[in-house]
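Each remark here refers to the structure printed beneath this line.
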Amino acid sequence: MVDLGKTNKIKVAEHIVECFGGIKNIKNIQKDLTRIKILVDSNSLVKRDD
């Protein structure tokens, strides 16, 4: 069974990377995506009163 939450996070992370001009060094793609996923996760855990 596919974990849709994980799949969506990866797609969002890849999309964010593309929006910032792509990856200059392909070797760092996994590290960059991991950082972005951590940011997305931490932001989704924070309750905001806007």
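The values are calculated or read from the model by the stated rules, or taken from the named source; none is laboratory data. The structure displayed is predicted, hence computed values, not measured ones. Cβ coordinates were reconstructed from backbone atoms using ideal geometry, including for glycine residues, and neighbour counts include every protein chain displayed.
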Note to self: Any residue in segment 33-49 that is of a type in the set (Lys, Arg) sitting within a Cβ distance under 8 Å of a residue that is at pLDDT 75 or above? List the pairs, counting only those 6 or more apart or interchain.
What the structure shows: Lys37/Lys9; Lys37/Ile10; Lys37/Ala13
Note to self: Could you tell me how many of the residues in segment 1-48 are modelled with pLDDT under 70, of a type in the set (A, V, I, L, M, F, W, C) and surrounded by fewer than 11 Cβ atoms within 10 Å (Cβ to Cβ)?
What the structure shows: 7
